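Report on the structure given below.
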Amino acid sequence: MDRRDRLARSSVILVNVGSARPFFMIMYLAALKSVPDQLIEPAAIDGANWWQRIWYVTLPMMRNIIAITTLFSLIVQHSPTSTSCASSLPGAHSTHPYLCDMGVPHWH
């Protein structure tokens, strides 16, 4: 893969990630706000540092939102109407068109 193909692929990834960022940030902010202080404060009193509180209290409480946003991201990325489907650069295919171009002709 030459430099132009890498640049095209990186540009498509950046556009796809950038277009979904506001939605994901709102989802994660809502999930962070939903973690009750009644769980974080006892962990701090028990001696958990910042990283342990994030890892053992906050992230398990956000597990469902993380799973939903990951699922939404995969659905949007692999949809036929993905932003990257309209790209005219040869190396700028997202996963969906690339798999369709490479895999479907070999199935028949």
(request) Go through region 66-80 and give me each residue that's in contact with a Leu (Cβ under 9 Å, 6 or more places away or on another chain) and either touching a residue at least 40 places away in the same chain (Cβ under 8 Å) or part of a helix (DSSP H, G or I) (or both). (result) ILE66
(message) Regarding region 43-53, can at least one residue be identified that is over 23 Å from THR70 (Cβ atoms) and among the aromatic types (Phe, Trp, Tyr)?
(response) yes
(message) Looking only at region 1-35, filter to residues that are within 17 Å of the chain's Cα centre (by Cα) and of a type in the set (D, E, K, R); which one of those is farthest from ILE54 (Cα to Cα)?
(response) ARG9
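Conditions tested, residue by residue: (1) more than 27 Å from ILE75 (Cα to Cα); (2) touching a residue at least 60 places away in the same chain (Cβ under 8 Å); (3) assigned to a helix (DSSP H, G or I); (4) not aliphatic (A, V, I, L, M).
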residue: SER10; (1), (2), (3), (4): no, no, yes, yes
residue: LEU32; (1), (2), (3), (4): no, no, yes, no
residue: GLU41; (1), (2), (3), (4): yes, no, yes, yes
residue: ALA44; (1), (2), (3), (4): yes, no, yes, no
residue: VAL57; (1), (2), (3), (4): yes, no, yes, no
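Quick note: the coordinates plus some simple rules give every number you see, no bench work behind them. Worth saying up front: this structure is predicted, and the values here are computed from it rather than measured. With ideal geometry, Cβ positions are generated from the backbone for all residues, glycine too; neighbour counts draw on all protein chains shown.
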